[in-house]
């Protein structure tokens, strides 16, 4: 009896090893532990046995049945975890990902920085009046910037703004002093297109008005902004510049990020990049915005967002930006 | 503008103590941007004076000669030369064997079989002139064998290029003398006075009349005769060449030299043809031929110089052919004038003729410069023509005198702008170095502004602060943070709202953001056969109509991308001009196969619903639209409603238009009014009461015949029951719409009886509305 039971176990193990599919195992199961299996037969015979035999074999047969069942179950589990996969688990599709325009990404970064510094983000109008684009900004009637060949004038007496600086006036009118605003937006100049020139490009305007603002404040803020934008300390230098809406006016250069100031083609071998024109707000501009220049002063600056985006992403042809060509633009995944 | 450092040095005392290669970095941050610094005159060596002693024709060449030259060595050297001006007795520049030109070593080598030991060279070959007509002709007293650089030490020079744009507001810097004044101020050197010749006023005045004194601010004239020598000294020739001018003859060169030296344009007329000078406006449609041979059409706002009753030159822009200095001229009428900057600029722009003179005049030159320039020219001309005769008074017509300016510069203003208390002596010193006169008062500096800074540059306190700050040095200021102000933004900016939308669309729906132009692409409209009438850009023939439909303006981008992609989704938030107003619009465009139109269309609807739900917590509605534009499909147009107000549209480009972009494509467009979107308040979210008892879902498949979902929706909206927690459309198959009701109670678990009653009511409502259930 013991021998037979032991043989049953061994032969079941052999059978199970041969079984490849779940169905095979189930067949084996019914053969070895099913109603018509030898073990079931032995169990039925048990009741006809003598009490002594019952005692002797009862638990042995029962335990063997359990062992057989366990063997079958183990085999079933094994088979279901290994070969039950009915699909190709190596398939690898491309992930579809949308994209934001490089200018949007850069504008977001810059406005976030300015917001952290306490600037309110405003937005102006692309179609603007001569008053807000020029007159209120102290640009005289015969100034070259007001020429037809530089400015897009419209047949309704308006124009396409040549700068975001008009938002200085809008903001002063809306918020009064003190004031800390920035205004990203699209501007237009009558230019022939080539790899470096666009008639439609983006700037961000910044303006601070308060009591007793100094050039030193301007230098500090500009240095902060640029260091944040480029995620590194940058050297800045001011050069005298000329803009009708600021006095004193400056051109702000930052140390060339490509060559680190040693000189390269990008910075025309000067080690400096012209990045942010600005200056102390001209008293006439404050007056135009309804602010008393005897009480308040301030500074304003502009940063070319298109320029920044081109630097950041090493875009060598400005025309890509307004092309809508997804072969380029779809690469600017959101980060 | 190009500058010669040799020239600059001549105006500054002890100029040797300035490093002329390095000073330009400082100049850039103190005054104006320097674009380049170049050492010139170092391209050659071994070039000496040589005299041609013998000259015979080359046997194998029709133009070459075989020369024997004396280059100071005591022996004649044989040189083959192809220049036409070779002749015995000529002293010329000769490059010895082993010498270099343009860094190329000159070797003894045969030229068509005859050995040439070195070469004779032209001014162009030496890089000191553009003259390549022949070999150089040196003065007869030049010593044979002398190095050219010893003979002409001014050949070694440093040439500096200044960015003209950075000089727009500095009329005083358009000549070398003004630049020298800046450098003297920056380096604390002394500026030397110019040598000029006073002209005695003991003769007759010239006949000069200014008709429009507001356009011609000053006109000085002088007549000189007996000018026999019209050859420009070598030093001036080389200088003019280095700063980009062509040397013509002494009289013309002197006027150009003065323009380069003082920034004052001048004109020399042939005195034989000058009768009387009148400065006045032209007549419309008159024509005039300028010095360059071009016939120019004039208008009534162009200022002209007239000789008698004939045009003689376009004031401040260019002279005419008939006033040109001819080779046989010995008498000259000199003009030194100042014109209205705006008028000159407009004339130059209108004629498309921007000259060295006009680009200076348009900066607002100092009228007091005219007379200095004239006296300086007389001085220089006299040096070359000791026997010349001044035959007129220096006639000076100066209707309104430009005077020095007076500015009270408050100490507290200076200190505020500089961020620190400035030493009074420092300020006084800086201003005086720049030739301002300063009187110190208790609270202020009384500053007198010289006329050369007063024409437009310096008029208010802040202008003086700029002068102080730049010479003091921005790098000497300590950057200081702003005072902290804790003021919160009153509202989320439109910029942020736009970003949030675009970000969500890119992240969740894989849209690609594009930027397009504010005007329609003319070509694209033509291709689509759509005509648009809106605000136009003046002076442009193409791409001149501003867009009033953002989605339509994106069709150009759709068209171009269809060349590379079968399906895509693009978005833009941009400005359109509608009813003469700026309007911000979000446009979404879904491009896919025509057979998937239903998918694209429903996706568009779902996206809009989602955006409003997520970003504003607002449930939008759709309503059939009466399309404004015929290029959109009449029956598929929908308006997007928020609280019954239209906030946008969904449209499908008509097949006849879409097929022009590509075959079998469906283009679904969404336009959302961002101006309205921006001011929509977010609906507040209130925590709902949630039942602790289980809910029951019941699905009904309803057959719709000749009805749309919206009809079913309206019918079901009318079915009200307190057990309904929500109902939704979960699927459509053909005309069978499956609706799922979720029912439940806050107080108890629903019993079979409650459910049965509910079911009966649903069926009754459907029946009353003539709806039947499917399988």
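The values are calculated or read from the model by the stated rules, or taken from the named source; none is laboratory data. Because the structure is a prediction, the values reported are computed rather than measured. Glycine gets a Cβ as well: all are built from the backbone with ideal geometry, and neighbour counts include every protein chain shown.
Tell me, yes or no, whether region B:445-463 has at least one residue that is more than 14 Å from every other protein chain (Cβ to nearest Cβ), modelled with pLDDT of 95 or more, more than 30 Å from residue B:362 (Cβ to Cβ) and in contact with a strand residue (DSSP E or B) (Cβ under 6 Å, 6 or more places away or on another chain).
Taking every residue of region B:445-463 in turn, at least one turns out to be more than 14 Å from every other protein chain (Cβ to nearest Cβ), modelled with pLDDT of 95 or more, more than 30 Å from residue B:362 (Cβ to Cβ) and in contact with a strand residue (DSSP E or B) (Cβ under 6 Å, 6 or more places away or on another chain).
In region B:339-350, how many residues are surrounded by 21 or more Cβ atoms within 10 Å (Cβ to Cβ) and either more than 12 Å from chain A (Cβ to nearest Cβ) or assigned to a helix (DSSP H, G or I) (or both)?
7
Would a scan of region B:9-21 turn up a residue that is modelled with pLDDT of 95 or more and in a strand (DSSP E or B)?
yes
What number of residues in region A:292-305 are crowded, with 23+ Cβ neighbours inside 10 Å and outside any strand (DSSP E or B)?
Of the residues in region A:292-305, 1 are crowded, with 23+ Cβ neighbours inside 10 Å and outside any strand (DSSP E or B).
Residue-wise test of (1) buried (at least 18 other Cβ atoms within 10 Å of the Cβ); (2) assigned by TED's automatic domain parsing to the domain that holds residue B:330; (3) within 39 Å of the chain's Cα centre (by Cα).
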{"residue": "B:212", "(1), (2), (3)": "no, yes, yes"}
{"residue": "B:249", "(1), (2), (3)": "no, yes, yes"}
{"residue": "B:254", "(1), (2), (3)": "yes, yes, yes"}
{"residue": "B:269", "(1), (2), (3)": "yes, yes, yes"}
{"residue": "B:276", "(1), (2), (3)": "no, yes, no"}
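Check whether at least one residue in region A:257-279 is in a loop (DSSP other than H, G, I, E, B) and over 37 Å from the mean Cα position of the chain (by Cα), and report yes or no.
Taking every residue of region A:257-279 in turn, none turns out to be in a loop (DSSP other than H, G, I, E, B) and over 37 Å from the mean Cα position of the chain (by Cα).
Which number in (1) touching a helix residue (DSSP H, G or I) at 6+ places or on another chain (Cβ under 6 Å); (2) within 13 Å of chain A (Cβ to nearest Cβ); (3) surrounded by 15 or more Cβ atoms within 10 Å (Cβ to Cβ); (4) outside any helix (DSSP H, G or I) marks the one condition that residue B:421 misses?
Failed condition: (3).
Can you tell me how many residues in region A:12-40 are touching a helix residue (DSSP H, G or I) at 6+ places or on another chain (Cβ under 8 Å), loosely packed, with under 12 Cβ neighbours inside 10 Å and either part of a helix (DSSP H, G or I) or not assigned by TED's automatic domain parsing to the domain that holds residue A:79 (or both)?
Residues that pass the stated criteria total 1.
Considering only region B:484-495, I want to know if a residue exists there that is assigned to a helix (DSSP H, G or I) and modelled with pLDDT of 95 or more.
No, region B:484-495 contains no residue that is assigned to a helix (DSSP H, G or I) and modelled with pLDDT of 95 or more.
Suppose we keep only residues that are in contact with a helix residue (DSSP H, G or I) (Cβ under 6 Å, 6 or more places away or on another chain) and free of Cβ contacts under 8 Å to residues at least 60 places away in the same chain within region B:314-335. Which one would you say is surrounded by the fewest Cβ atoms within 10 Å (Cβ to Cβ)?
Ranking the qualifying residues of region B:314-335, first place goes to B:317.
Restricting attention to region A:144-199, which residues are facing chain B (nearest Cβ under 9 Å), within 30 Å of residue B:343 (Cα to Cα) and in a loop (DSSP other than H, G, I, E, B)?
Those that are facing chain B (nearest Cβ under 9 Å), within 30 Å of residue B:343 (Cα to Cα) and in a loop (DSSP other than H, G, I, E, B): A:147, A:148, A:149, A:152, A:155, A:156, A:158, A:190, A:199.
Output the number of residues of region A:79-136 satisfying the condition of being closer than 25 Å to residue B:548 by Cα, facing chain B (nearest Cβ under 8 Å) and part of a strand (DSSP E or B).
The qualifying residues number 1.
Would you check if there is a residue in region A:307-328 being closer than 26 Å to residue A:186 by Cβ and assigned to a strand (DSSP E or B)?
No, that holds for no residue.
Filter region B:746-756 down to residues that are out of contact with any helix residue (DSSP H, G or I) (no Cβ under 9 Å at 6 or more places or on another chain) and surrounded by fewer than 14 Cβ atoms within 10 Å (Cβ to Cβ), then give me how many there are.
7
Please enumerate the residues belonging to region A:41-61 that are surrounded by 14 or more Cβ atoms within 10 Å (Cβ to Cβ) and closer than 30 Å to residue A:21 by Cα.
Scanning region A:41-61 gives A:42, A:43, A:61.
On the given criteria, is residue A:111 at pLDDT 85 or above, crowded, with 19+ Cβ neighbours inside 10 Å and under 60 Å from the mean Cα position of the chain (by Cα)?
yes
Which of the residues spanning region B:702-721 are loosely packed, with under 12 Cβ neighbours inside 10 Å, in contact (Cβ under 8 Å) with a residue 12 or more places away in the chain and outside any helix (DSSP H, G or I)?
Answer for region B:702-721, where residues must be loosely packed, with under 12 Cβ neighbours inside 10 Å, in contact (Cβ under 8 Å) with a residue 12 or more places away in the chain and outside any helix (DSSP H, G or I): just B:705.
Assuming residue B:416 fulfils every condition listed in (1) outside any loop (DSSP other than H, G, I, E, B); (2) free of Cβ contacts under 8 Å to residues at least 24 places away in the same chain; (3) more than 8 Å from every other protein chain (Cβ to nearest Cβ) apart from one, which condition is it?
Failing condition for residue B:416: (3).
Out of (1) in contact with a helix residue (DSSP H, G or I) (Cβ under 8 Å, 6 or more places away or on another chain); (2) surrounded by fewer than 14 Cβ atoms within 10 Å (Cβ to Cβ); (3) not assigned by TED's automatic domain parsing to the domain that holds residue B:48, the odd one out for residue B:171 is which?
In the conditions (1) in contact with a helix residue (DSSP H, G or I) (Cβ under 8 Å, 6 or more places away or on another chain); (2) surrounded by fewer than 14 Cβ atoms within 10 Å (Cβ to Cβ); (3) not assigned by TED's automatic domain parsing to the domain that holds residue B:48, residue B:171 misses (2) alone.
Can you tell me which residue is surrounded by the fewest Cβ atoms within 10 Å (Cβ to Cβ) among those in region A:200-233 that are in a strand (DSSP E or B) and more than 9 Å from chain B (Cβ to nearest Cβ)?
Restricting to residues being in a strand (DSSP E or B) and more than 9 Å from chain B (Cβ to nearest Cβ), the top hit is A:201.
Can you pull out every residue in region B:28-82 that is out of contact with any helix residue (DSSP H, G or I) (no Cβ under 7 Å at 6 or more places or on another chain), closer than 27 Å to residue B:153 by Cα and within 14 Å of chain A (Cβ to nearest Cβ)?
B:35, B:36, B:38
Which of the residues that make up region B:525-544 are more than 10 Å from chain A (Cβ to nearest Cβ) and either within 30 Å of the chain's Cα centre (by Cα) or not in a loop (DSSP other than H, G, I, E, B) (or both)?
Answer for region B:525-544, where residues must be more than 10 Å from chain A (Cβ to nearest Cβ) and either within 30 Å of the chain's Cα centre (by Cα) or not in a loop (DSSP other than H, G, I, E, B) (or both): B:525, B:526, B:527, B:528, B:541, B:542.
Here's the yes/no breakdown for (1) surrounded by 18 or more Cβ atoms within 10 Å (Cβ to Cβ); (2) at pLDDT below 95; (3) in a strand (DSSP E or B):
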{"residue": "B:337", "(1), (2), (3)": "yes, no, yes"}
{"residue": "B:379", "(1), (2), (3)": "no, no, no"}
{"residue": "B:399", "(1), (2), (3)": "no, yes, no"}
{"residue": "B:402", "(1), (2), (3)": "no, yes, no"}
{"residue": "B:432", "(1), (2), (3)": "no, no, no"}
{"residue": "B:435", "(1), (2), (3)": "no, no, no"}
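Suppose we filter B:738, B:742, B:697 for residues that are surrounded by 15 or more Cβ atoms within 10 Å (Cβ to Cβ) and either without any contact (Cβ under 8 Å) to a residue 24 or more places away in the chain or part of a strand (DSSP E or B) (or both); which single one remains? Full working, then the answer.
On the way: B:742 fails: surrounded by 15 or more Cβ atoms within 10 Å (Cβ to Cβ); B:697 fails: surrounded by 15 or more Cβ atoms within 10 Å (Cβ to Cβ).
One residue alone meets the criteria, B:738.
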